[in-house]
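All remarks here apply to the structure that follows.
The values are calculated or read from the model by the stated rules, or taken from the named source; none is laboratory data. Fair warning: this is a prediction, and the values are worked out from it, not measured in the lab. For neighbour counting, all protein chains shown are included, and Cβ atoms are generated from backbone atoms with ideal geometry for every residue, glycine included.
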Amino acid sequence: MDIQKLYKVLVVSIVLLCSTSCTEVFDSSQLEQAPEQDLDFDKVFKDYQQFRQYLDYSYKFMPSHLGRMWNSMICELSDECEGLGVNVSSPVFNNGAWTGDRIQGPSSNPQTAANFELEDMWIELFKGIRHVNLVIKNIDLVENFPSQEVYERSLGEAHFIRAYLYFELAKRWGGVPLYDSALELGVDDLDVPRSSYEETIDFIVADTDLAASLLDLTNSEGDVGRATKGAAMALKSRALLYAARPLNNTTQDPAKWEAAANAAYDVINLNQYSLDSDYVKMFFRPNLGTEIIMNRPRRKINFEQGHTNNSNFLVRFIVPQGYLGWMGTAVTQNFVDLYEDSNGFPIDDASSNYDPTDPYANRDPRLKMSVLYNDRFWYDRNTQFYRNGGLDYGSTLINPMGYSIAKFWPEEHQRYKGTSTYLNYIVFRYAEILLNYAEAANEAYGPDGQVPGASMTARDAVNLVRQRVNHVPLPSQLSSSKDAMRERIINERAVELSFEEHRWYDIISLERGVEVFGEQNPIMGMKITKNEDDTFTYEPFLRETRTFKPHMHRYPIPNSEIYKSNSLEQNPGW
């Protein structure tokens, strides 16, 4: 390799501010302080400390936190949530206004933040792939690795990150150009056509397999947040599940479901993970506990920090005005309705014990764990989402929906109280793996079949997840066939993984966006009135009808990329 030539043509991002050893705490500060400067390969890929910093910076390109669309969450794109007020970017998606063109306007225009999920996402993911390809290409130049084990782990991290970045591309755009090495300006042809979706998944799986063979099963306490063997296997499980779903498996090939079931069971069979006993506190633990397979490096945050690089999430934006929040993301009635009754039946089932005059009684326990609804105790009082004077309905920052998110807001964490907390941006957790297995095993073997040699059925996996929150097992009369079980598993993923950036991508890959995110499923809220006798009247109301067309199951490739390429093809319909 001509080091001097590369030095002249490359401008990359790297941390060169301070040394970081493998035993120091790996946190978000290591991902966020990289200036843009010419890269001196002779220094970076000779000395381990500087190489380590360069590799650490690769993690920065992984989508980083729940508020990455500034004042909007991904759950607002789906039927989970509604963005409120004028400072949200989600209406670009909800109104069907997104295209391959960059959303123009000053930074003060909140809708430009939708670019973070569209053009900017495409660009950043490919920048990350180039960055990590340089790691893979030049790792053998480093002369002073502390040990062979550290060398192997570093190479494993690089292959994991590349696979993760490619999966993030594939789940949005389908097949994409594949680069297995860093190309050189003036030497290599940079105009690479798209590979097929199947080729892209094969590339991801090969990287995850190699990463899993090189990475440790666990990391030291100071390295929490780095990739592990389990994280690589979890990524393979997720990638193969998406590959088996209808959008990407048009021939309904059962072998794809079998591969997805096997990949999920391989993670289960590690016997390394178990469900956290506390569904609520899992998101605020200072360590990973038993369930979190991989977590984003993070610092403690307080309520006053708002949306800064030191904060994982804009806490204030999900909090009602009555608790001194900004109330930008509210939960929909559609999503609340997905939570079953206490006997495990959908609330519109004839056997349900749901009472519309007391709508939050006798429900799946995760409703109370995840959603703030009217007249439940929170912190120091009962919530007030009623329109005739309710503090949490608001006076200037109005929440007409009747609900807000509780899941990422610990009850004791209040504004101006001097509190701080960790907020875990969970990349993979064990409950997802169980539900991956349940979905794939059901499609491959039926609700009560199992992967050959496995000791768990699809039903077993779902019931484990439900058991953790003391919810009843799936009623057999609702899940006796493959088709019936499929619907319950989709619902189970929705409520278990609520607001964690799964629902939008799940429904898209299941090719159900038109029926779930479009005009067939208009967004509803709950109008609440407090009566003179201190009872409440609950009236669902129509909030909006959204637009989702069939071609929207694949994102539009940025037109800026299409226009400068002779071989890059746009997704159909855009």
So P297 clears everything in (1) within 26 Å of N399 (Cβ to Cβ); (2) at pLDDT below 95 except one condition, right? Which one?
(1)
List every residue pair whose Cβ atoms sit under 8 Å apart, with the two residues 6 or more apart in sequence or on different chains, where the first one lies in segment 268-293 and is among the aromatic types (F, W, Y) and at pLDDT 95 or above and the second, anywhere, is part of a helix (DSSP H, G or I) and surrounded by fewer than 17 Cβ atoms within 10 Å (Cβ to Cβ).
Y279/M369
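Can you find, within segment 453-474, the residue that is surrounded by the fewest Cβ atoms within 10 Å (Cβ to Cβ) among those that are β-branched (V, I, T) and in a loop (DSSP other than H, G, I, E, B)? Give the steps one after another, and end with the answer.
Keep residues of segment 453-474 that are β-branched (V, I, T), which gives 457, 462, 465, 469, 472.
With the extra rule that they be in a loop (DSSP other than H, G, I, E, B), the set shrinks to 469, 472.
On the way: V469: 17, V472: 15.
Step by step, filter segment 453-474, then rank; the result is V472.
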S498 meets each of (1) free of Cβ contacts under 8 Å to residues at least 12 places away in the same chain; (2) of a type in the set (S, T, Y); (3) within 19 Å of F335 (Cβ to Cβ) with one exception, condition (1)
Against the condition closer than 24 Å to Y166 by Cβ and part of a loop (DSSP other than H, G, I, E, B), how does P106 come out, does it pass?
no
Given (1) crowded, with 20+ Cβ neighbours inside 10 Å; (2) touching a Leu at 6+ places or on another chain (Cβ under 6 Å); (3) not hydrophobic (A, V, I, L, M, F, W, C), where does Y437 come up short, assuming only one miss?
(2)
Name the pairs whose Cβ atoms lie under 8 Å apart, with the first residue in segment 401-415 and aromatic (F, W, Y), the second assigned to a loop (DSSP other than H, G, I, E, B) and crowded, with 19+ Cβ neighbours inside 10 Å, and 6 or more positions between them or separate chains?
Y403/T332; Y403/Y373; Y403/F385; F408/L66; F408/F313; F408/L423; F408/F499; W409/V319
Being modelled with pLDDT of 95 or more and among the polar types (S, T, N, Q) narrows it down to one residue among N343, N309; which is it?
N343
Going by the structure shown, is N491 under 30 Å from Q384 (Cα atoms) and in contact with a Leu (Cβ under 8 Å, 6 or more places away or on another chain)?
yes
Taking segment 38-78 and keeping residues touching a strand residue (DSSP E or B) at 6+ places or on another chain (Cβ under 7 Å) and either under 29 Å from E157 (Cβ atoms) or modelled with pLDDT of 95 or more (or both) leaves D38, L39, Y57, M73, C75, E76
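On the given criteria, is K229 of a type in the set (K, R), in contact with a Leu (Cβ under 7 Å, 6 or more places away or on another chain), modelled with pLDDT of 95 or more and surrounded by 18 or more Cβ atoms within 10 Å (Cβ to Cβ)?
Numbers: of a type in the set (K, R): yes; in contact with a Leu (Cβ under 7 Å, 6 or more places away or on another chain): yes; modelled with pLDDT of 95 or more: yes; surrounded by 18 or more Cβ atoms within 10 Å (Cβ to Cβ): yes.
Yes.
One line per residue, one yes/no per condition, for (1) surrounded by 18 or more Cβ atoms within 10 Å (Cβ to Cβ); (2) aliphatic (A, V, I, L, M):
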site	(1), (2)
I139	no, yes
R162	yes, no
L183	no, yes
E198	no, no
L215	yes, yes
S220	no, no
V224	yes, yes
Restricting to segment 266-278, name every residue that is within 20 Å of the chain's Cα centre (by Cα) and crowded, with 20+ Cβ neighbours inside 10 Å.
V267, Y273, D276
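Evaluate segment 441-452: report whether one residue or more is small (G, A, S), without any contact (Cβ under 8 Å) to a residue 12 or more places away in the chain, more than 26 Å from T290 (Cα to Cα) and in a helix (DSSP H, G or I).
Filtering segment 441-452 down to residues small (G, A, S) leaves 441, 444, 446, 449.
When the remaining residues are screened for being without any contact (Cβ under 8 Å) to a residue 12 or more places away in the chain, the result is 449.
The next check asks that each one be more than 26 Å from T290 (Cα to Cα); those that pass are 449.
Now drop any that are not in a helix (DSSP H, G or I), which leaves none.
Looking through segment 441-452, none of the residues is small (G, A, S), without any contact (Cβ under 8 Å) to a residue 12 or more places away in the chain, more than 26 Å from T290 (Cα to Cα) and in a helix (DSSP H, G or I).
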Sort out which residues of segment 397-421 are β-branched (V, I, T), under 21 Å from E76 (Cα atoms) and part of a loop (DSSP other than H, G, I, E, B), and write them in order of number.
I398
When every residue in segment 135-164 that is small (G, A, S) and in a helix (DSSP H, G or I) is compared, the one farthest from the chain's Cα centre (by Cα) is S154
Only one of V176, V135, V92 is buried (at least 20 other Cβ atoms within 10 Å of the Cβ) and within 16 Å of Y59 (Cα to Cα). Can you tell me which?
V135
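Residues are listed down the side, and each one gets a yes or a no for (1) over 22 Å from L270 (Cβ atoms); (2) modelled with pLDDT under 95:
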| position | (1), (2) |
| --- | --- |
| H159 | no, no |
| A170 | yes, no |
| L183 | yes, yes |
| Y197 | yes, no |
| D202 | yes, no |
| S213 | no, no |
Tell me which residues, restricted to segment 545-570, are closer than 17 Å to S196 by Cα and charged (D, E, K, R).
R554, E569
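Can you pull out the residues in segment 57-94 that are aliphatic (A, V, I, L, M) and assigned to a helix (DSSP H, G or I)?
Taking segment 57-94 as the starting set, the residues that turn out to be aliphatic (A, V, I, L, M) are 62, 66, 69, 73-74, 77, 84, 86, 88, 92.
The answer is I74, V92.
G128 - would you say it is in contact (Cβ under 8 Å) with a residue 40 or more places away in the chain, part of a helix (DSSP H, G or I) and closer than 17 Å to K229 by Cα? Spell out how you get there, then give the answer.
Working: in contact (Cβ under 8 Å) with a residue 40 or more places away in the chain: yes; part of a helix (DSSP H, G or I): yes; closer than 17 Å to K229 by Cα: no.
So G128 fails the test.
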Within the set of pairs 6 or more residues apart or between chains, which connect a residue that is within 27 Å of E152 (Cβ to Cβ) inside segment 184-210 to a residue that is of a type in the set (S, T, N, Q) and assigned to a helix (DSSP H, G or I) with Cβ atoms less than 8 Å apart?
none
